[in-house]
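Some notes on the structure that comes next.
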Amino acid sequence: MDVTDDTLHGIQERAKFREMKEGTQEDWAIIGSEYMAFAQGLPDRVLTHLRLLDGDFGGFPVDRLEHSLQTATRAHRDGRDDQYVVMALLHDIGDTLGTYNHPEVAASIIKPFVSEEVHWICQNHGHFQGYYYFHYLGMDRESREQFRGSPYFDACAEFCEKYDQAAFDPDYASEPLEFFEPIVRRVMARPINSLYAKAQAQAA
Ligand SMILES: [Fe+2]
Ligand SMILES: [Fe+2]
């Protein structure tokens with residue numbers, strides 16, 4: 001069986017252990033090289049998942065993908081940097097799998113690549129966005145006040161006021177997803193905060 005057959009049949013070099021405690025340096029060399037290749041595919045997986053929001057209106061005037069593009073476009077046109085724009089683009093990507101806690105899903109995805117402030121905005125935007133509608137659902141629109149002491153309170157309020165709550169206009173000319181792809185790839189090219197950052201840096 002040659003290399004082509006191996007690839008076709010999905011038979012690649014694999015670690016030999018049956019329990020992780022039997023692992024060897026050779027095993028982890030194999031897994032490490034596979035991981036590096038897998039990590040490089042993260043931007044593609046994220047962009048593919050973002051496309052799941054296409055056509056998902058949920059009663060809103062625009063679908064969730066257009067809302068994401070519009071939020072990111074407004075941030076970009078307002079001069080925000082790459083990290084911020086990627087956060088704006090992905091802030092609702094968790095709607096599909098984190099239906100009851102979507103801000104945390106997006107925040108976890110971007111955490112290795114953004115500043116503490118940008119991560120905080122993403123993580124807590126649900127409470128701040130609630131200022132614009134929680135009272136229509138019998139909830140407390142002042143929910144965001146629990147974060148008043150945070151150094152990032154104003155930044156999160158600004159994100160929602162300028163970009164997130166403002167991104168439901170069917171007539172707004174948002175940039176297409178392709179416009180943001182190179183920005184996502186740039187930001188996700190290298191983690192700045194990660195459990196695996198040391199191994200990643202050594203392999204680079
Ligand atoms: Fe959201
Ligand atoms: Fe949003």
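Pairs linking a residue in region 57-83 that is farther than 17 Å from VAL118 by Cα to a residue that is basic (Lys, Arg) and at pLDDT 95 or above, with Cβ atoms under 8 Å and 6 or more positions apart or on different chains, are PHE57/ARG64; GLY58/ARG64; LEU65/ARG51. Scanning region 141-177 for residues that are within 30 Å of THR48 (Cα to Cα) and either touching a strand residue (DSSP E or B) at 6+ places or on another chain (Cβ under 8 Å) or among the acidic types (Asp, Glu) (or both) yields GLU158, GLU161, ASP164, ASP169, ASP171, GLU175. For region 36-79, a residue qualifies if it is over 16 Å from the mean Cα position of the chain (by Cα), over 21 Å from ILE121 (Cα atoms) and surrounded by 17 or more Cβ atoms within 10 Å (Cβ to Cβ), and exactly one does: VAL62.
Going through (1) more than 15 Å from ligand 2 (Cβ to nearest atom); (2) of a type in the set (Gly, Ala, Ser); (3) closer than 21 Å to THR71 by Cα; (4) more than 16 Å from the chain's Cα centre (by Cα) one by one, SER150 falls short only on (3). Can you find a residue that is closer than 22 Å to PRO43 by Cα and either modelled with pLDDT of 95 or more or surrounded by 22 or more Cβ atoms within 10 Å (Cβ to Cβ) (or both) anywhere in region 124-145? Taking every residue of region 124-145 in turn, none turns out to be closer than 22 Å to PRO43 by Cα and either modelled with pLDDT of 95 or more or surrounded by 22 or more Cβ atoms within 10 Å (Cβ to Cβ) (or both). For region 89-120, the tally of residues that are out of contact with any His (no Cβ under 8 Å at 6 or more places or on another chain), buried (at least 18 other Cβ atoms within 10 Å of the Cβ) and part of a helix (DSSP H, G or I) stands at 10.
Counting only helices (runs of 4 or more DSSP H) that fall entirely inside region 140-204 and contain at least 1 residues that are within 18 Å of VAL86 (Cα to Cα) and in the same structural domain as GLN129 (by TED's automatic domain parsing), the qualifying elements are 153-159, 177-187.
Residues checked against (1) at pLDDT 95 or above; (2) under 16 Å from GLY126 (Cβ atoms); (3) not aliphatic (A, V, I, L, M):
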position	(1), (2), (3)
ASP154	yes, no, yes
GLN165	yes, yes, yes
SER174	yes, no, yes
VAL184	yes, no, no
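Can we say ASP95 is of a type outside the set (Phe, Trp, Tyr) and at pLDDT below 95? In short, yes.
The values are calculated or read from the model by the stated rules, or taken from the named source; none is laboratory data. Quick caveat, the model's predicted, so the values are computed rather than measured. Methodologically, a virtual Cβ is constructed for each residue, glycine included, from the backbone with ideal geometry; neighbour enumeration extends over all protein chains shown.
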